[in-house]
Amino acid sequence: MDNKFTRINMKEQDPAARARNFDEVPYGYTDGEAVSEASRCLKCKKPLCVNGCPVNVQIPEFIGLIADGDFAAAAKKIKETNALPAICGRVCPQEEQCEKLCILGKKGDPVAIGNLERFAADWERENVSININDGVNTEKSAPAAKKAAIIGSGPAGLTCAGELVKNGFDVTIFEALHEAGGVLVYGIPEFRLPKQIVKQEIKYLESLGVKIVKNFVVGRTATIDDLFNEEKFDAVFVASGAGLPSFMKIAGENSVGVYSANEYLTRSNLMKAYIQNPSTPIMKGRRVITVGGGNVAMDSARTALRLGAEKSMIVYRRSEAEMPARKAEVHHAQEEGIEFHLLCNPVEIIAGGNGAVTGVKCVRMELGEADASGRRSPVVIEGSEFTLDCDVVVIAIGNSPNPLIPETTPDLKISEKRGTIVADESDGRTSKKFVYAGGDIVTGAATVILAMGAGKAAAKSIMQDLAG
Amino acid sequence: MVEILSKQKLSGTVWRMRLHAPRIARKRKAGQFVILRPDGDSERIPLTIAAVDAAAGWIEIIFQVMGGTTAQLSGLSVGGSVHDLAGPLGKPTRVEKFGKVLCVGGGVGIAPLYPIISALSEAGNDVTSIIGARSKELIMLESDIAAASARLLIATDNGTHGTKGFVTDIFKTLFAAGERFDLAFVIGPVMMMKAACALTAAAGIKTYASLNPIMIDGTGMCGCCRVTVGGQTKFACVDGPEFEASEIDWDEIITRLGSYKDFEARARENCQECRLA
């Protein structure tokens, strides 16, 4: 507090305790902590932080309002540009975006912009009843309003819906699952993003007039052309997400007890297998190995601990420096006692006579030359084979795009190499008129905030293209 | 919420349920399935669509009480509703004029076979249907299938209806008599499918089997339903559920289907409706 260059960290649950429960890890700021942290902001004339934000949150303004103690106004300021602040405050990689550009970072800790965003959003949720007409141009929401269909209710879809409904569009989101939120509800665990918060943010959008149709699989229940021809939509935004989980294509991968991270996390999060007596089962595992080094791998390994594993291990083929996961997540995982087997690569999954997994055979790796991604690529060390015993394996090495929409939309251009929908990343326009796409279905697996940025850009294009 | 329009017990643990689902009724093709949840806390389970009426806007499912969720479903009443219903899912059956086609259904697999038989007959095929079950009361849709097929043959394990023995015994006889088929479709319990497909393969008949692995989302997202076909991992929900039988790794499917056996047995014991059924 006394030092301008030192950040006020959020207090967190003790690692040993939290590794055995599903409650959120950081407690959030107190009012006093938030005001002190906000007061560190230098209020730069030309704030660089805003340039680092994919949705251009007016950062110095909202932080200034927190410093003045006007928390409600701060929340409102954020919501002008970001419909999901309580989510972004928790899961955005601020250290790579806004906070990376903060001038204070040159001499000390950058302002904790993410923590402050979370604080303002939480404060509003807990203290203010939302005025549903806030910022909505109700005059335009007439019967003649243009109709927009949004496919998928994850971060890209929700953001696009929010932008369009505020501008007088008649917006319907089609969600394939039985609950709205996409990766926010099936993927990201409760301890990192409480589901109640996602529900509230979605409820806010519904209060603005967004309709959400669940259990509707576009590509099967209706095609994109059906949405235009039968349902008379004027524009369609495809935000269907990353899709099919990738596997390593090694022996034993379909043994009993081997999960994709999508399945493991879906069982635990969406299907609530982490509660007592769930209707959907999950193999809890005594010794669990998660393969991968991204945020999803961290989420899986930390979920395994909370489900009661005695040992939860990460196997990753490069070193810690190359891990794509956020530093904070890796740190949290280490604090909780996750065992990291770095520079190791699985070559075979071993199963017992009953078909259930008993271990993973790995080889040790060393780092060679930098590859196309700029990361040093791992090379096998000959004769270094060893086996790690386990009873559950979670494969968290990424996803490939879901084929349902590409297969059923003949005139939509698809990347031959990656299977993603080809769309201009700056405006979301695709090869098909009045069809837009954004988020993981265009970029491959990326972050919540990038998907939100894409949702916002597509909304802008839709408004332009349908004007007049 | 999806309204339950009618419900009928076909035998001891097998039920037929008609659901108000106009969009699915309009879109569905033979071979496709739905995923449903009886209530807001239930598991998601896949069930094949047995019949539809697009004009009236309903679909029918036929299911056997196997675990907690099917028991729960069987406990719902007409006028009530199922909480969630999504579909139609999966790739439709490839229907064209193949010539002489053999359709083989076992147990609860008879229900999903019926729309395939109808579609194949409508496409001008000469369809021989063979259906089998443990006993007479488990043979369902007999008159419907008889009407849709050029010929219907029946087997029961205990001989209470048709030939005594398995469906495989019937086509052993047919093959021995020199009958030839251009194509076969097989749906039923996995052990029956494995045995039936081994015989059709030996007889040199190209065969499709409709697989029923454990699923969660049914849209390709989770990979729970993965099966090995032709040495490659395929997702039954988006790549299937029908695959060319000679390429299927049956033993892997059998093992994976048993993943939650203990859990399912406990769920069945704990379920009140199950005792009523």
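The values are calculated or read from the model by the stated rules, or taken from the named source; none is laboratory data. Keep in mind it's a predicted model, so treat the numbers as computed, not measured. Cβ sites come from the backbone with ideal geometry, for glycine too, and all protein chains shown count toward neighbours. Just so you know, the surface numbers come from the protein's heavy atoms only, side chains and all, with ligands and any DNA or RNA stripped out. Shrake-Rupley method; radii C 1.70, N 1.55, O 1.52, S 1.80 Å.
Worth a mention:
- When the test is whether a residue is without any contact (Cβ under 8 Å) to a residue 40 or more places away in the chain and either in a helix (DSSP H, G or I) or at negative phi (or both), residue A:4 does not pass it.
- The single condition from (1) touching a residue at least 40 places away in the same chain (Cβ under 8 Å); (2) hydrophobic (A, V, I, L, M, F, W, C); (3) not in a strand (DSSP E or B) that residue B:56 fails is (1).
- For the stretch A:336-356, a residue qualifies if it is polar (S, T, N, Q) and within 13 Å of another protein chain (Cβ to nearest Cβ), and exactly one does: A:354.
- Of all residues in the stretch A:298-317, those satisfying the criterion of being basic (Lys, Arg) and open to solvent by 10 Å² or more (accessible area, probe 1.4 Å) are A:306, A:311, A:317.
- Number of residues in the stretch A:28-43 that are open to solvent by 70 Å² or more (accessible area, probe 1.4 Å) and either at pLDDT 95 or above or not in a loop (DSSP other than H, G, I, E, B) (or both): the value is 2.
- Only one entry in A:95, A:117, A:80 is at pLDDT 95 or above, within 21 Å of residue A:450 (Cα to Cα) and not basic (Lys, Arg), namely A:117.
- Exclusive hit being in contact (Cβ under 8 Å) with a residue 24 or more places away in the chain, within 24 Å of residue A:445 (Cβ to Cβ) and not charged (D, E, K, R), set A:325, A:321, A:356, A:351: A:325
- Of the residues screened, residue A:183 is one that is closer than 22 Å to residue A:458 by Cα, within 14 Å of chain B (Cβ to nearest Cβ), surrounded by 22 or more Cβ atoms within 10 Å (Cβ to Cβ) and in contact (Cβ under 8 Å) with a residue 40 or more places away in the chain.
- Taking the stretch A:240-266 as the range and being hydrophobic (A, V, I, L, M, F, W, C), under 16 Å from the mean Cα position of the chain (by Cα) and modelled with pLDDT of 95 or more as the test, the residues that pass are A:261, A:265.
- Just one of the numbered conditions (1) more than 9 Å from chain B (Cβ to nearest Cβ); (2) touching a residue at least 24 places away in the same chain (Cβ under 8 Å); (3) at negative phi is not true of residue A:216: (1).
- Wholly within the stretch B:117-228, strands (runs of 3 or more DSSP E) carrying at least 2 residues that are closer than 30 Å to residue B:239 by Cβ: B:126-133, B:183-187, B:207-210
- Residues that are assigned to a helix (DSSP H, G or I), of a type outside the set (Val, Ile, Thr) and either open to solvent by less than 40 Å² (accessible area, probe 1.4 Å) or in the same structural domain as residue B:133 (by TED's automatic domain parsing) (or both), drawn from the stretch B:8-45: B:25
- Residues of the stretch A:265-283 classified as more than 11 Å from every other protein chain (Cβ to nearest Cβ) and open to solvent by 40 Å² or more (accessible area, probe 1.4 Å), total: 2
- Considering residues of the stretch A:242-264 that are open to solvent by 20 Å² or more (accessible area, probe 1.4 Å) and at positive phi only, the residue nearest to the other protein chains (Cβ to nearest Cβ): A:249
- Output for the stretch A:49-64, where each listed residue is under 24 Å from the mean Cα position of the chain (by Cα) and open to solvent by 50 Å² or more (accessible area, probe 1.4 Å): A:51, A:56, A:58
- When the test is whether a residue is closer than 21 Å to residue B:263 by Cβ and within 13 Å of chain A (Cβ to nearest Cβ), residue B:86 does not pass it.
Conditions (1) under 30 Å from residue A:13 (Cβ atoms); (2) among the acidic types (Asp, Glu); (3) assigned to a helix (DSSP H, G or I), marked per residue:
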| site | (1), (2), (3) |
| --- | --- |
| A:160 | no, no, yes |
| A:181 | yes, no, no |
| A:215 | no, no, no |
| A:242 | yes, no, no |
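- The residue list A:437, A:396 contains one member that is under 18 Å from the mean Cα position of the chain (by Cα), within 18 Å of residue A:291 (Cα to Cα) and of a type outside the set (D, E, K, R), which is A:396.
- Residue count for the stretch A:434-468 satisfying the condition of being assigned to a loop (DSSP other than H, G, I, E, B) and surrounded by fewer than 24 Cβ atoms within 10 Å (Cβ to Cβ): 8.
- Neighbours by Cβ (under 6 Å, 6+ apart or cross-chain): first from the stretch A:48-62, in the same structural domain as residue A:98 (by TED's automatic domain parsing) and closer than 12 Å to residue A:94 by Cα; second small (Gly, Ala, Ser) and not in a loop (DSSP other than H, G, I, E, B): A:54/A:453
- Just one of the listed residues (B:194, B:206, B:136) is touching a Phe, Trp or Tyr at 6+ places or on another chain (Cβ under 7 Å) and away from chain A (no Cβ under 14 Å), namely B:194.
- Among the residues of the stretch B:136-158, those identified as closer than 15 Å to residue B:189 by Cβ and open to solvent by less than 40 Å² (accessible area, probe 1.4 Å) are B:138, B:139, B:140, B:155, B:156.
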